[in-house]
Amino acid sequence: MSGIVSYLGGGPARVDRPALEERRGLRWLLIGLGLGFLGLFLLVPLAVVFLTALRDGLGAYARAVSDPETLSAIRLTLTAAGIAVPLNLVFGVTAAWLLSKYEFSGRSLLITLIDLPFSVSPVVAGLVFVLLFGARGWFGPLLEQLDVKVIFAVPGIVIATTFITFPLVAREVLSVMQAQGSDEEEAALTLGASGWQIFRRITLPKIKWGVLYGVILCNARAMGEFGAVSVVSGHIRGETTTIPLHVEILYGEYHFAAAFAVASLLALIAVFTLLLKQWVAWQSRRSLEPRAASRATVAAPAVGGAAI
């Protein structure tokens, strides 16, 4: 072999460096820029939030967090998220099943409508609900006759939160279903399984991590929503203020330590959500490894036979 190389090139073979291999200095420069950006825009703000929240001591922090208005905001936030997330879970799984398993006219339009809250400003969405359910809105006179209050009340906050967050579960589950295909479902259907049996025994185990991932993102978005909720809430203290709105009120009244103390609750929720999301992603990768290994095992004899 060396003789052939010497004959063709007159010397040792040249080994080119891979095109995608960066130099060590460039690699460390990119890592440093990434860590610097992460520290400047994520870690430093988080540190400022907690340091300002604890500036007046643990006693002041405990009083700000246990204040009746703060507790009311926490209850309302949990209520809105507790209603919006299950609704979006049912809608998201149903929509993802429909879009991934069936072909029908209007499918692209439905996907576009699902993505609508991503492109519409939350403030605009809140104004739309005011025009629909407000005292002078389309359904305002009817709601007044029925003695039902939507705007400047809890139902309006729940509706706005549900609208802003409903694409999250649907998008996560849809991408998982499209990536996994429908071969196993079709095989089960030919063997006589019902639709519910197929969903419960085949589809749901495959998409469970995608569903949990979407629920986590949906819950985090619901608890931190500000724009649409701010429009429909009316900022009635102790009644229609969620945690983000309560932070705004405290900050506007120059109660900075109390505002950052309440904001630290949202920061803790964000950190917990991030850790939980990483755990779900890790579990999802672990669940895919045995399936990939089994597929490789099945494919190995065929490849070996072809090579022979």
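Considering (1) of a type in the set (Val, Ile, Thr); (2) surrounded by fewer than 18 Cβ atoms within 10 Å (Cβ to Cβ); (3) more than 23 Å from the chain's Cα centre (by Cα); (4) under 16 Å from ALA84 (Cβ atoms), the lone condition that THR273 does not fulfil carries the number (3). All of GLU186, GLU225 fail the test of being out of contact with any Pro (no Cβ under 8 Å at 6 or more places or on another chain) and either at pLDDT below 90 or closer than 30 Å to ARG107 by Cα (or both), apart from GLU186. Scanning region 16-54 for residues that are at pLDDT 90 or above and not in a helix (DSSP H, G or I) yields one hit, LEU54.
Taking the conditions (1) farther than 30 Å from ILE236 by Cα; (2) touching a residue at least 24 places away in the same chain (Cβ under 8 Å); (3) among the charged types (D, E, K, R) in turn, GLU103 satisfies each one other than (2).
Here's the yes/no breakdown for (1) hydrophobic (A, V, I, L, M, F, W, C); (2) surrounded by fewer than 19 Cβ atoms within 10 Å (Cβ to Cβ); (3) within 20 Å of the chain's Cα centre (by Cα):
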position	(1), (2), (3)
VAL85	yes, no, yes
PHE104	yes, yes, no
LEU109	yes, yes, no
THR112	no, yes, yes
GLY126	no, no, no
GLY140	no, yes, no
LEU146	yes, yes, no
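Among the residues of region 148-196, those that are β-branched (Val, Ile, Thr) and either farther than 21 Å from THR79 by Cβ or surrounded by fewer than 13 Cβ atoms within 10 Å (Cβ to Cβ) (or both) comprise VAL148, VAL173, VAL176, THR190. I'd like to check something: does region 218-225 contain any residue that is farther than 27 Å from GLU103 by Cβ, outside any helix (DSSP H, G or I) and more than 18 Å from the chain's Cα centre (by Cα)? No, because not a single residue in region 218-225 is farther than 27 Å from GLU103 by Cβ, outside any helix (DSSP H, G or I) and more than 18 Å from the chain's Cα centre (by Cα).
The values are calculated or read from the model by the stated rules, or taken from the named source; none is laboratory data. Here the structure is a predicted model, which is why all the values come from computation and not from measurement. Because the Cβ atoms are built from the backbone with ideal geometry, glycine has one as well, and the counts that use them run over all protein chains shown.
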